[in-house]
Amino acid sequence: MSNYNAVLPINTDNAPKGIGPYSHAVAFSHYNNFSAQLPLDPKTGELVAGGVKEQAGQCLKNIKAIVESIDHSMKDVVKVNIFLKNIADIDAVDEVYAGFFPNGVPARRTVGVSAILKEALVQIDVVVSNEEGTPSRV
């Protein structure tokens with residue numbers, strides 16, 4: 001194995017700047033691994049007003065902006081991780097989520113957590129395929 005590790009940091013002005021020393025996403029091999037997105041307005045950097053539906057929608061809009069900045073679409077998302085301050089909010093989040101992923105793809109993990117940065121109610125990250133590789137058949 002070589003010491004060469006080809007990773008490409010990805011950032012866009014169409015999503016909120018990170019609140020720490022990290023990129024919006026990193027491309028590596030067949031995938032783009034996204035940093036978790038908070039429900040921040042990209043223009044103001046502030047938490048969006050409203051409840052968990054509005055916040056989930058903003059997280060997904062921020063993800064979509066990053067996805068589109070690398071010439072992909074939401075159809076290329078293969079994995080989603082949702083972190084909820086209150087796991088009972090999953091039904092409300094699912095209402096918003098379905099609008100971004102109408103075909104029931106991708107795979108997903110949802111967990112309840114005790115706290116999220118900026119006192120947000122939800123935070124979401126994804127993995128995006130670079131459309132390489134062969135899907136397995138079951």
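The values are calculated or read from the model by the stated rules, or taken from the named source; none is laboratory data. Source: prediction; values computed, not measured. Don't worry about glycine lacking a Cβ; one is built from the backbone with ideal geometry, like all the others, and counts go over all protein chains shown.
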**Request:** Take region 11-27 and flag every residue that is in a loop (DSSP other than H, G, I, E, B) and of a type outside the set (D, E, K, R).
**Result:** N11, T12, N14, A15, P16, G18, I19, G20, P21, Y22, S23, H24
**Prompt:** Out of curiosity, is V48 surrounded by 15 or more Cβ atoms within 10 Å (Cβ to Cβ), under 12 Å from the mean Cα position of the chain (by Cα) and of a type in the set (V, I, T)?
**Reply:** no
**Complete:** Every listed condition ((1) modelled with pLDDT of 95 or more; (2) more than 22 Å from P16 (Cβ to Cβ)) holds for E119 save (2)
**Asked** If we scan region 66-84, do we find a residue that is touching a helix residue (DSSP H, G or I) at 6+ places or on another chain (Cβ under 8 Å) and surrounded by fewer than 16 Cβ atoms within 10 Å (Cβ to Cβ)?
**Response** yes
**Message:** Given the options A107, A88, A56, name the one that is over 16 Å from the mean Cα position of the chain (by Cα) and small (G, A, S).
**Reply:** A88
